[in-house]
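For reference, the structure discussed in these notes is given below.
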Amino acid sequence: MSQGRSADCEVVVLGAGPYGLSAATYLKAKGVDVRIFGRPMAFWADKMPAGMLLRSPRVASNISDPAHRTTLDAFETSARVPPRAPVPLETFVEYGRWFQRQMLPGLDQREIASVNRNDNGFTVALEEGEVLHSRRVVIAGGIGPFQRLPPEFASLPPSQLSHCYQGCDVKAFPGRRVAVIGAGQSALECAALLHEAGAKVEVIAKIQELRWIGQHPWLHRLGPISSTCWFPMASSAAQKRHSHDGTLRHFCNSGRTRGGIDAG
Ligand SMILES: Cc1cc2nc3c(=O)[nH]c(=O)nc-3n(C[C@H](O)[C@H](O)[C@H](O)COP(=O)(O)OP(=O)(O)OC[C@H]3O[C@@H](n4cnc5c(N)ncnc54)[C@H](O)[C@@H]3O)c2cc1C
């Protein structure tokens with residue numbers, strides 16, 4: 001990589017998701033010379049299934065700033081977006097971008113290519129070759145880089161296989177059979193959205209019970225206490241069948257409450 005112009009700063013924040021935006025805002029408010037890198041809310045905008053509703057209640061979906069001014073409520077008022085609970089994905093993406101414009105207008109959208117220690121801090125190389133020297137680095141790169149594809153699926157072509165962190169265009173599968181492998185939140189969220197979009201969905205997982213984080217409407221309106229309440233619940237409405245190898249198969253042929261397979 002060619003080494004371009006050098007610049008110094010006190011703190012570099014890698015990643016402009018909710019945590020990176022908030023960390024950089026707090027540092028800036030303390031008068032720290034901070035630079036933040038990355039496309040704002042990129043993981044949420046590009047890698048989550050369209051149509052998703054947030055599972056965190058409204059009160060837990062604020063991006064924190066020291067003065068508590070740039071709240072979700074404040075964004076909705078300013079953008080004339082009707083408040084909804086649960087919060088739609090697109091509202092949260094726009095909220096994060098609005099937060100960035102308000103609090104961190106100097107954000108640099110370039111990717112960081114590498115971070116290496118040097119004698120008095122870190123050498124941070126940007127994608128186009130510019131190199132910065134920073135005393136500290138905050139890594140707020142999210143969970144996207146931890147995508148793992150089990151080797152059993154390695155031989156499948158991209159036309160037949162996608163990982164949920166690559167984003168999921170659920171509208172591309174009406175009438176088609178789709179197997180969703182896994183039983184975590186991403187798997188169940190994708191399965192329910194695919195089902196709503198007309199796909200014939202089967203969830204295949206090596207567990208005995210689905211543990212779904214419930215999305216009870218009242219939980220989203222509880223106020224501050226709701227940020228401490230999470231209710232995993234087993235799905236009973238999706239038909240389930242254990243195959244000979246103990247794999248649990250759920251068929252999404254039941255109704256769905258928004259954000260989850262209907263628990264009936
Ligand atoms: C399907 C699904 C639903 C979820 N629902 C919720 C929910 O309702 N509520 C909730 O609180 N959490 C939810 N989560 C978890 C959510 O991903 C994290 O809570 C949240 O995104 C963490 O914020 P973050 O800023 O750490 O990461 P992210 O939002 O992932 O932001 C990290 C950013 O860093 C960027 N980045 C990475 N590497 C570099 C680099 N080298 N240079 C520059 N930029 C880089 C990425 O592009 C990304 O935009 C959900 C996750 C999934 C998968």
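The values are calculated or read from the model by the stated rules, or taken from the named source; none is laboratory data. All figures in this text were calculated on a predicted structure; none of them were measured in a lab. Neighbour counts run over all protein chains shown; Cβ positions are idealised from the backbone, glycine included.
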Suppose we filter segment 60-116 for residues that are under 17 Å from the mean Cα position of the chain (by Cα) and not aromatic (Phe, Trp, Tyr); how many remain? 17
Going by the structure shown, is Ala50 away from the ligand (no atom under 11 Å from the Cβ), among the small types (Gly, Ala, Ser), assigned by TED's automatic domain parsing to the domain that holds Ala16 and touching a Gly at 6+ places or on another chain (Cβ under 9 Å)? yes
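Residues are listed down the side, and each one gets a yes or a no for (1) without any contact (Cβ under 8 Å) to a residue 40 or more places away in the chain; (2) surrounded by fewer than 17 Cβ atoms within 10 Å (Cβ to Cβ); (3) not assigned by TED's automatic domain parsing to the domain that holds Gly15:
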{"site": "Ile112", "(1), (2), (3)": "no, no, no"}
{"site": "Val131", "(1), (2), (3)": "no, no, no"}
{"site": "Val138", "(1), (2), (3)": "no, no, no"}
{"site": "Pro151", "(1), (2), (3)": "yes, yes, yes"}
{"site": "Leu156", "(1), (2), (3)": "yes, yes, yes"}
{"site": "Gly184", "(1), (2), (3)": "yes, yes, yes"}
{"site": "Ala199", "(1), (2), (3)": "yes, no, yes"}
Could you run through segment 118-132 and say how many residues are part of a strand (DSSP E or B) and in contact with a Ser or Thr (Cβ under 6 Å, 6 or more places away or on another chain)? 5
Note on Cys190: of the conditions (1) in a helix (DSSP H, G or I); (2) modelled with pLDDT of 95 or more, unmet is (2)
One residue is enough: does segment 101-122 have a residue meeting the conditions away from the ligand (no atom under 11 Å from the Cβ) and in contact with a Pro (Cβ under 6 Å, 6 or more places away or on another chain)? no
